[in-house]
1. Test Pro236 against the stated conditions and say whether it is surrounded by fewer than 16 Cβ atoms within 10 Å (Cβ to Cβ), modelled with pLDDT of 95 or more and in contact with an Asp or Glu (Cβ under 9 Å, 6 or more places away or on another chain).
2. Please work out which residue is nearest to the chain's Cα centre (by Cα), limiting yourself to the range 503-562 and to residues that are open to solvent by less than 50 Å² (accessible area, probe 1.4 Å), farther than 30 Å from Ile396 by Cβ and small (Gly, Ala, Ser).
3. Which condition number does Glu631 fail, the rest of (1) under 24 Å from Val430 (Cα atoms); (2) acidic (Asp, Glu); (3) in contact with a Gly (Cβ under 7 Å, 6 or more places away or on another chain) being met?
4. Regarding the range 465-479, can at least one residue be identified that is open to solvent by less than 70 Å² (accessible area, probe 1.4 Å), assigned to a strand (DSSP E or B), farther than 25 Å from Tyr588 by Cβ and at pLDDT 95 or above?
5. If you take the residues in the range 225-255 that are of a type in the set (Phe, Trp, Tyr) and assigned to a strand (DSSP E or B), which one is farthest from the chain's Cα centre (by Cα)?
6. List the number of the failed condition for Val383; all other conditions in (1) in contact with a His (Cβ under 8 Å, 6 or more places away or on another chain); (2) farther than 23 Å from His461 by Cα hold.
Amino acid sequence: MFRHFCLLLLLPIALPIYAGSVAGPSVGDPYSSLTIPAELKEGAHSVVRKYTYRWEVNSDRTATLYCHKIITILDDEHDDENRLVVYYDDNSKITNLKAVVYDAGGEKARAARNSDIEDIWAVGGNFDTDTRVQTVKLDHPSYPYTVEYEYKRKMADYSMVAGFPDVMPVAYDQALERADFTAVVPADNKLYYYSNELPEPTVTAVDGDQAHTWSLANLKARSYEAYSPAFSQVMPFLSITLDHFKIDEYAGSMRSWEEFGRFIGKLVADRHELPDHLRALVRETTDGLATEREKIDALYRVLQNRTRYVSVQLGIGGWQPFPAEYVEKNKYGDCKALSNYMGAMLNEIGIESYPVLITGGREFFPASPDFATSAFNHMILYVPSEDMYLECTSSIDPPGYMRDWTQDRNVLLVTPEGGKLARTPKPDPVDNSRLRTVDVTIHPDGSADYRLNNRMYGGMHDYYRSLISDEANREEQLERLHGYEDIPDVRGTEYSLYVDEKLPEARLSYATSIDRYASKRGKRIFLPLNKYDNFTYVPDKLEERLAPIESTWSRFMVDTININLPKGVEVESLGEERIEITHAGGQYLQTVTTEGNSVRYVRSLKLLPVVLPATEYEGYRQFFVDVSKAESRRIVLVDRQTK
């Protein structure tokens, strides 16, 4: 399915299956925590005892899902495993939903009653959707305990809920005893799949259909490791698609990216018609502008000023944008509808553009050339003549600006010829930079006058643009900035925050007095060189690293701090005048100089995106350890000696 949640709401839609019944415990069965092998408890907060998933394709438009899962919860870290959430919509139906909880010895404690099962809307807020959930939660007063779930879901059309399955047998910090996944596909269709850390499937004939079965057993728990690749690349994972399928009367194929793009092209075709008054506004707005870029920028402002983002996911709406006329009439739309609206305005003045399927935020399943999938959750627009991507859901960003959550990833361009994989721009650290200047005057008692001037660019300016848009109150802005350690307090008398309308830039200035900037002990003053907004993050220390390192850091920070010392003191201990730390993941340079009665501290930190083998983790971590140590540096002042 096209997981199209423009606000990055990734719903866990397709869960596993089994067509058996919920049975009581017996000796040696998976309901008792006493039968879990000791090695599977190591490092685990829960253990999947049995997980059976069966997805049967009944036709090009319909499928049936059976799910049966038994999980022993060992402690409160995985207490959320006691909740079952099953999605459905107008094109799907849930039957046979059952849930049972067992005590540590495997004795049945209670079964869920109909009154325990909630039926609620899947999402609220800025969404209009027909997706609902049935959910049930089974608590138990002591650990360990075991929960068992079973349900069946019949689905028509590959809509938001009925989409192609992604199967995740086991989570982080979770062990697994046994899992079996089966996909049954008619003989006149073909199954495509991507798998990670799964064996090749066993393929058998079942009443003329083909059944593919994957089995796993006895997996020890693994913990999440910082800077790991996407879950689908480092943990057991299965994704399934079909050679041909239908949504409503639209036929599609996942045979290739080109074919999938053709299908999306059918859904977006003939939805560009503009009402006469909007056509006139487009012409009026762009007449007299000399370049295509100027016209694009002007129409992007029309989009921002006339529309707002609302996610509309009704029926085929999870796949198909509403027409431009709908957006103009209602003044809102989801990311598909707004991208189509912007494309329609560009089309009116002869500028070609393509819809773009993209994953916003952390990529759960990165698109690769080898496997066409619908694992996207967002749509933007691409203008080939300017090599320019437009984020059409933003009401505040400059035209053509892409935030971190859509940069440097494979995307699908929906062109007239079909789908084409492309990659969004990879930012240079300089594009995401901060230039901070601080002037500090230290008083004999350790207090200080503090003045800050900060310029932020690209990804480092995003928060400030959103802050100005979301919060007009000065005091609330100061509280938030202080909470993020951008400013040392909220008592300053001089404060200014400005964002550029046309460029991804922001400027912050602030001045205040600080009671205890330095600490005085006897005749000595201990003075931090970079007291506020320094970089002291260090990744966790690991005994053994299993996953490769995949960091998307792309930042460049330069701080210049001028410190005026009190009269009658001198530097007793300065330390190294220059500290330089280099690694594939970053570059750090710090210099400290003195002149007269002042100290000048200059620091630059460049963080670079890297992909490294697991064996290099300790060296990567050590870079941050060394940087953190350098960032925490202090100098010592003492009363000046008189002759």
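The values are calculated or read from the model by the stated rules, or taken from the named source; none is laboratory data. Just so you know, these numbers come straight off a predicted model, no measurement behind them. Methodologically, a virtual Cβ is constructed for each residue, glycine included, from the backbone with ideal geometry; neighbour enumeration extends over all protein chains shown. Calculation scope for accessible area: heavy atoms of the full protein, side chains included, ligands and nucleic acids excluded. Shrake-Rupley method; radii C 1.70, N 1.55, O 1.52, S 1.80 Å.
1. Numbers: surrounded by fewer than 16 Cβ atoms within 10 Å (Cβ to Cβ): no; modelled with pLDDT of 95 or more: yes; in contact with an Asp or Glu (Cβ under 9 Å, 6 or more places away or on another chain): yes.
Considered against the rule, which asks whether it is surrounded by fewer than 16 Cβ atoms within 10 Å (Cβ to Cβ), modelled with pLDDT of 95 or more and in contact with an Asp or Glu (Cβ under 9 Å, 6 or more places away or on another chain), Pro236 comes out as no.
2. Checking each candidate, the answer is Ala547.
3. Condition not satisfied by Glu631: (3).
4. No, the range 465-479 has no match at all.
5. Initial filter on the range 225-255 (of a type in the set (Phe, Trp, Tyr)): 227, 231, 237, 245, 250.
Restricting the remaining residues to those that are assigned to a strand (DSSP E or B) gives 237, 245, 250.
Numbers: Phe237: 18, Phe245: 29, Tyr250: 30 Å.
The qualifying residue farthest from the chain's Cα centre (by Cα) is Tyr250.
6. Exception for Val383: condition (1).
A quick yes/no check of all residues on (1) modelled with pLDDT of 95 or more; (2) under 27 Å from Ser239 (Cβ atoms); (3) among the basic types (Lys, Arg):
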{"position": "Arg362", "(1), (2), (3)": "no, yes, yes"}
{"position": "Ser368", "(1), (2), (3)": "no, yes, no"}
{"position": "Ala375", "(1), (2), (3)": "no, yes, no"}
{"position": "Leu381", "(1), (2), (3)": "yes, yes, no"}
{"position": "Pro384", "(1), (2), (3)": "yes, no, no"}
{"position": "Glu391", "(1), (2), (3)": "yes, yes, no"}
{"position": "Asn410", "(1), (2), (3)": "yes, yes, no"}
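Quick grid of which residues meet (1) over 30 Å from the mean Cα position of the chain (by Cα); (2) of a type in the set (Asp, Glu); (3) open to solvent by 40 Å² or more (accessible area, probe 1.4 Å); (4) over 21 Å from Tyr224 (Cβ atoms):
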site: Ser46; (1), (2), (3), (4): no, no, no, no
site: Trp55; (1), (2), (3), (4): no, no, no, yes
site: Ala63; (1), (2), (3), (4): no, no, no, yes
site: Arg83; (1), (2), (3), (4): no, no, yes, no
site: Asn91; (1), (2), (3), (4): no, no, yes, yes
site: Tyr102; (1), (2), (3), (4): yes, no, no, yes
site: Ala112; (1), (2), (3), (4): yes, no, no, yes
